[in-house]
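Novice: Have a look at the structure that comes next, please.
Laboratory data are not the source of any read-out in this text; all were calculated from the coordinates shown. Fair warning: this is a prediction, and the values are worked out from it, not measured in the lab. FYI the Cβ positions are ideal-geometry reconstructions off the backbone, even for glycines, and counts take in every protein chain you see.
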Amino acid sequence: MAENSFEDAFTDIQTGLVSLVFEALEGMPNISRVYIFGAIEQGMTSFNACVCVEGRIERLDAVVSNRNILLQVMGLGSKDLADLEQLCSQHNRACPTQLRGCYVVGGSYDARYTYEPMASREVDPITPGAAFATWVEELRSGSDPFQTIGTC
């Protein structure tokens, strides 16, 4: 397959993750940003998200009141991350162990990837849940690089 098909498929998966969050937020006004988080390591995947609503960073579980929808989003997001891992494997490309993406409503998308082990490292392993919680706090405090592309 051509290089463009890999890049296009990689982008499509991330677009799907952002769309998945928007589907869960259907009808919720004042969302200005969607932040997606994915962890992929040793065959395990974890997906989560937070949003900027009315100037505040809120975890998805704080703004989606229907637990069934929330669990469905997490499950489908994890499946999409498994698809990303498979895509990378099929194209002999390194798969990120962590994905952090920011979609600014009406405009841009930016992502950052980590390739070093997190959960499986021998010294100070970090669970996906802990990594996500730390990132949310960094977003809230303005210390995350995504905040340099404009405030929430």
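Novice: Calculate, for Thr15 and Asp124, the FRET efficiency according to 1/(1 + (r/R0)^6) with r their C-beta to C-beta distance and R0 41 Å; round to the nearest 0.05.
Specialist: 0.80
Novice: A follow-up question, please. Which net charge results when you count Lys and Arg as +1 and Asp and Glu as -1 among the other residues whose beta-carbon is under 12 Å from that of Val53?
Specialist: +1
Novice: Under the classification rounded if a/c is under 1.5, otherwise prolate if a/b is larger than b/c and oblate if not, where does the stretch 51-110 fall, given a ≥ b ≥ c as square roots of the Cα gyration tensor eigenvalues?
Specialist: Judged from the Cα gyration tensor, the stretch 51-110 comes out oblate (a/c at least 1.5, b/c at or above a/b).
Novice: In the stretch 47-127, what chymotrypsin sites (Phe, Trp or Tyr not before Pro) fall in a loop by DSSP, with at most 12 other Cβ atoms inside 10 Å?
Specialist: Answer by residue number: Tyr115.
Novice: Using a 10 Å cut-off around each Cβ, can you sort Cys88, Cys152, Cys50 from fewest to most neighbouring Cβ atoms?
Specialist: Cys88, Cys152, Cys50
Novice: So, one more: May I ask for the net charge around Leu17, where only other residues with Cβ less than 12 Å from the Cβ of Leu17 are counted and Lys, Arg are +1 while Asp, Glu are -1?
Specialist: -2
Novice: Could you give the nm distance between label points at Asp83 and Ile69, where each point is 7 Å from its Cα heading toward the beta carbon?
Specialist: 2.1 nm
Novice: If I measure Cβ to Cβ between cysteines in the chain, which ones have no partner under 4.7 Å?
Specialist: Lone cysteines by the Cβ rule: Cys50, Cys102.
Novice: Among Thr97, Thr134, rank each residue by its count of other Cβ atoms within 10 Å, from fewest to most, as a rough exposure measure.
Specialist: Thr134, Thr97
Novice: Which of Ser141, Ser32 comes first, and how do the rest follow, when ranked by fewest Cβ neighbours within 10 Å?
Specialist: If I rank by nearby Cβ atoms, fewest first, I get Ser141, Ser32.
Novice: Which whole-number percent gives the relative contact order of the chain, counting Cα pairs below 8 Å spaced six or more residues apart?
Specialist: In percent, rounded to a whole number, it is 25.
Novice: For a quick check of your reading of the filter: which trypsin sites (Lys or Arg not before Pro) in the stretch 28-86 sit in a DSSP loop and have no more than 16 other Cβ atoms within 10 Å?
Specialist: Listed in order of number, the matching sites amount to none.
Novice: Determine the calculated [θ] at 222 nm for the chain from helices alone, applying -39500 (n - 2.57) to every DSSP H run no shorter than 4 residues and normalising by the residue count; nearest 500 deg cm²/dmol.
Specialist: Helix-only estimate at 222 nm: -14000 deg cm²/dmol.
Novice: With equal scatterers on the alpha carbons only and no solvent term, can you work out the Debye log10 of I(q)/I(0) for the chain at 0.13 1/Å?
Specialist: Relative scattering, expressed as log10 I(q)/I(0), comes to -0.58.
Novice: Right, next: What's the longest uninterrupted piece of the chain once you rule out the GluC sites (Glu not before Pro) that are loop residues per DSSP with at most 14 other Cβ within 10 Å?
Specialist: Between exposed loop sites, the widest span is 55-121.
Novice: In the stretch 29-47, whose amide N lies under 14 Å from the spot 7 Å out along Cα-to-Cβ of Asp110? List them in ranges.
Specialist: 33-36
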